[in-house]
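The structure appears below as C-alpha cells.
The values are calculated or read from the model by the stated rules, or taken from the named source; none is laboratory data. Being a predicted model, the structure only gives us computed values, none of them experimental. Backbone-built Cβ (ideal geometry, glycine too); neighbour counts: all protein chains shown. Quick note on the areas: whole protein, heavy atoms, side chains included, nothing else; ligands and nucleic acids left out. Shrake-Rupley method; radii C 1.70, N 1.55, O 1.52, S 1.80 Å.
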Amino acid sequence: MSGPYVIRGSVALPEAELSWRFSKSSGPGGQHVNTTDSQVELRFDLARTSALPQVWKERALERLGTRLRDGVLTVRAGEHRSQWRNRETAAVRMASLLAEATAPPGPARKARKVSRGAKERRLRSKRMRGDVKRGRQGKGWD
C-alpha cells in the first residue's frame, strides 16, 4: 500500500488490524484474468479495534450495523486488472466508509411554521384536482 489511510484527523487505518484476502476477479483482463488473484477483500474488525476512539467506535458500530458481520467490516474491490490497484481502491473505500460512519451528527432540525403561501398553493392545487375530477362526472363519461 502507498501509506497510511487517514480516517479523520490523526486517526488512520492500522495496517496490523487489516486482513487481506485475494481471489480471481470477474472483471476485465482476457486470458490473464483466469490465472491471477486480482480481486481484493479487505476486512477490518471494528468491534475489537483499539485504533479508534471509543465514541467513534460506538458511532460506527451503530451506523454500519447492517454492513457488519460479527463486528467485522468487509470491503471488496475488483474493478482493476492489477491486484495492487484493487488494494488501493479497497483501502481508500474502507477509510472513506469509516470517516463517514464516525462523523459527528449534524445539527438537529428546527421545526418551522408552514408559510401562508405554501398553504395556499397546496389548497389551490387540491381545488384544481377536485375540479378536474368533477369535470369527468358529466355527460359522455359513462
Probe 1.4 Å, protein heavy atoms only - accessible area per residue of the chain in square angstrom: 72
Listed residues ALA111, LEU68, GLN137: farthest to the positive end of the dipole of segment 65-142 (Cβ charges): GLN137
Rel. contact order, % - alpha carbon contacts under 8 angstrom, at least six apart, the chain: 23
Calculated semi-axes √(5λ) of the Cα gyration tensor in Å (choose from (i) 30, 19, 15; (ii) 29, 17, 11; (iii) 50, 27, 13), label: (iii)
Hits among aspartates and glutamates - C-alpha to C-alpha of LYS57 under 14 Å, sequence gap 8 or more where chains match: ASP45, GLU100
About the Cα centre, charge dipole magnitude for segment 57-98 (Lys/Arg +1, Asp/Glu -1 at Cβ), debye: 100
Rounded percent of accessible protein surface that carbon and sulfur make up, the chain, 1.4 Å probe: 51
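Could you tell me whether segment 83-135 comes out rounded, prolate or oblate from its Cα gyration tensor? Rule is a ≥ b ≥ c as square roots of the eigenvalues, rounded for a/c under 1.5, then prolate if a/b exceeds b/c, otherwise oblate.
oblate
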